[in-house]
Amino acid sequence: MVPVTWYIALSAVLFMIGAAGVLTRRNVIVVLMSIELMLNSVNINFMAFSYMLGDMTGQIFTVFTITVAAAEVAVALGILIALVRSNKTFNVDEIDALKG
Amino acid sequence: MCLSAAAQYAPLWPLAVYFVAVVILVGAMLVLSHALGERRRGRLTSVPYESGVVGTGSARLHFDVKFYMVAMFFVIFDMEAVFVFAWAVSAREAGWAGYIEMFIFISILLAALFYLWRLGALEWGTSMKIRRKIEPL
Amino acid sequence: MNSEVAAFFSPGDFLAILPEMVIAGMACLLLLVDIAVPRTKKCVVPALAVLSVAVAAWFSYELAGSGVSAFSGMFVLDGYSDFFKLIFYIVAVFAILVSLRYIRTEEIDLGEYYVLLLFSLSGMMIMASGTDLLTIYLGLELASLPVYALVGFLQKSRKSNEAAMKYIILGAFSSAILLYGISLIYGLTGTTQLAAISAALVTGDVNGPLFTLAVIMLVAGFGFKVAGFPFHMWAPDAYEGAPTPITAFMAAGPKAAAFAVIMRVFLEGLYPAYDSWQMAIAAVAVGSMVVGNITAILQTSIKRMLAFSSVGHAGYALLGLVAGSEEGMASVMFYLFVYAFMNLGIFGIVIMMRKDSQSGDQISHYTGLGKSNRLTALAMLIFLFSLAGIPPTAGFIAKFYVFMALINKGMVGLAVIAALMSAVAAYYYIRIVMLMYMREPEKEFALASSRGLLCVLIIALAAVVALGVYPGYFIDLARYAAFPL
């Protein structure tokens, strides 16, 4: 049996990779994929804890997280399409009409 | 349980032999046919044989936004099925309250589907009416 | 029927979420109504939206004070949630009314606009009533997702699309951080219910580095939602690019909802660990006040200036949470109530300045408004004074009660910093007043007033003045509504 700490370590690593991706990558699609990675690391956490505690809450939470993540990505890609139509770029550095 | 490493993996040796044999055999086939085979460079050599489709252009082209719509609808409606499945396995235990909840849930999905349908988002081929014209005041 | 499962919910629980069901159901229905009605009768949609908010408010009023806990302790109807729902109803109706003319001017007159507002409203209501991290998270997302879309509603405007993109990326990023914090809390305490988390913190020994990490992640995640320093980077861009009524809505509605959730999570769930989060929240509060108010001085766009000012106001409100007392909670609730009025009022005037080619986005556009349009300038003056916290407006009373809560808990240092930052804030608010009254207008002002907008302005003005002169009733209401610690 794999100890729970391994799952937690895996999810921590995935979360860090995702966070680093959001902060360093310049392509909007890659940034969205990194966010997805972070959300999935959370799911691993929930499943591992749920298994460890023998409690269903974590699994239910995961189902909701996955659905919400899908909705979030749908909205994000919709906005991205509108943005590409008006801006012709996927690069976040070139999206600079607003200073800040 | 004090088997040495060698003894532990002993039953696996036929598999290892089989794996090596496969690699050698396939490698020999490829190399020999490449070395001995006859090659010809005609006008139609690289074209797919008879029933194949002839490729045109590069694969790096812009896809129509319609594909995005389809993908998005799939993701959204597909994910909602998660809840229906969860309800389906516990329908008896969840009782009427669960039934009502699922009814509400499905009605919301139906409302969304009807909205998309009337908006023309589900139509393929014809130009979509999504960007409805807005008349100024 | 298995009795154990049946105990999780009963048909009676649906009664508790009736207001939310009305709003969400009407939002779905309006989506279909919008398609069905002909273009000439489009005003049906906003009218029905206002009507559904009124019906939901009536149901909330009927259910108020019942103290029902529904869905096995995931959802509660207490005075606290009722008070916040009152704020949300007001904000939603005001946002609809100020949008009526604006979205025709901007040529985004689509029914979906109101539908998204209603969905966001239902999410905010769930946030106020959620007592389980799962319901709170779902409410948070339901409140945020429509707002992401609304920020990008000006499809032809590059700024609007860009603002929406930045907002959703940072919003999703913060949700992920928040979720990671929630998952750690779940792992450490074995539950996601706030009351059970509190009990687990009292009995079990969960103070470790992992718990500290979880608290920091929760603070960061919620800090993003209320635009507190250092998580405020999205706010100026999103506020500037969004359609102005949505900016007003965002600053008053989802922000108040985020505060409702923060107070619920930290004062109900994590209250036994008060010592471990107090410093983190205090740091965010002080940082927000300092950075928000000082950066606001440098802005030339009024929407950006108000964005930074709202960062500062989030700092003041967070101070009430730092106090960690029932009095502090009540002061935050009153603060948010007042902020909703003054915020919608000032944005109402910014919306009024948007006509034809005149944008009213820059501070310089208000030069000499006091000479030509006396009443408008007077209203703006009162809203600015209230935002600055100058008596006898409501903004002063709200700040005063937050400071009182701090001083009563012996946190005089924080109160002094907050008072100093109010003085800094007064500078940039008064600067606009000077611009309006001391300079000659460069050109004629064209004001896009409409009945809905005027209605909002008059109510907001009356509320700001009345709450400043006679705050007693609503202070008592907030005290009564605050949940016991």
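FYI, it's all coordinate maths here, none of it is from the lab. The structure presented is a predicted model; accordingly, all values stated were derived computationally and were not measured. No Cβ is skipped: glycine too gets one built from the backbone with ideal geometry, and neighbour counts run over all protein chains shown.
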Original post:
Taking the mean number of other Cβ atoms within 10 Å as a proxy for protection, how do you rank C:324-337, B:97-110 from highest to lowest?
Top reply: C:324-337, B:97-110
Original post:
So, by mean Cβ neighbours within 10 angstrom, what's the order for B:16-29, C:435-448 with the highest one leading?
Top reply: C:435-448, B:16-29
**OP:** Compute the long axis of helix C:451-469 from its Cα atoms, compare it with the longest principal axis of the Cα atoms of chain C, and write down the angle in degrees, 0 to 90, nearest 10.
**Re:** 70 degrees
Original post:
Where does each of C:344-351, B:79-86, C:414-421 land if you order them by average Cβ count within 10 Å, highest first?
Top reply: C:344-351, C:414-421, B:79-86
Subject >> Cα-centre dipole for chain C with unit charges at Cβ (Lys and Arg positive, Asp and Glu negative), debye to 20 >> reply: 1540 debye
Original post:
In peptide B:90-97, how many Cβ atoms from other protein chains are near each Cβ within 10 Å, on average?
Top reply: 5
Original post:
Which listed residue (C:435, C:286, C:468) has the Cα farthest towards the positive end of the charge dipole for the range C:13-481, taking +1 on Lys and Arg C-beta and -1 on Asp and Glu C-beta about the Cα centre?
Top reply: C:435
Original post:
Taking every residue in A:56-68, how many Cβ atoms of other protein chains lie within 10 Å of its Cβ, on average?
Top reply: 6
Original post:
Is the shape of the protein assembly as shown rounded, prolate or oblate, going by the alpha carbon gyration tensor and its root eigenvalues a ≥ b ≥ c, with a/c under 1.5 for rounded and a/b larger than b/c for prolate?
Top reply: prolate
**OP:** For an R0 of 30 angstrom, estimate the FRET efficiency from the Cβ-Cβ distance between residue C:375 and residue C:476 and round to the nearest 0.05.
**Re:** 0.35
**OP:** Name the residue farthest towards the positive end of the dipole of chain C from the options C:98, C:150, C:253, assuming +1 on Cβ of Lys and Arg, -1 on Cβ of Asp and Glu, about the Cα centre.
**Re:** C:98
Subject >> Anisotropy class of chain A from Cα gyration tensor, a/c 1.5 cut >> reply: prolate
**OP:** Starting from the amide H of residue C:70, placed 1.01 Å from N in the peptide plane, find each other amide H under 5 Å away whose residue is 5 or more places distant or on another chain.
**Re:** C:75, C:76, C:77
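Report the calculated FRET efficiency for residue C:21 and residue B:91 (r = Cβ-Cβ distance, R0 = 22 Å), to the nearest 0.05.
My answer for the efficiency is 0.50.
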**OP:** Sum up the charges of everything whose Cβ sits under 14 Å from the Cβ of residue C:76, counting Lys and Arg as +1 and Asp and Glu as -1, but leave residue C:76 out.
**Re:** -4
Original post:
Per-residue mean of other chain beta-carbon atoms within 10 angstrom of the beta-carbon, peptide C:28-40?
Top reply: 3
Original post:
With a ≥ b ≥ c the root eigenvalues of the C-alpha gyration tensor of the range C:226-334, is it rounded (a/c under 1.5), prolate (a/b larger than b/c) or oblate?
Top reply: prolate
Original post:
Could you give P(r) for chain C, binned at 10 Å from zero, as whole percent values over all Cα-Cα pairs?
Top reply: 4, 21, 32, 27, 12, 3, 1, 0
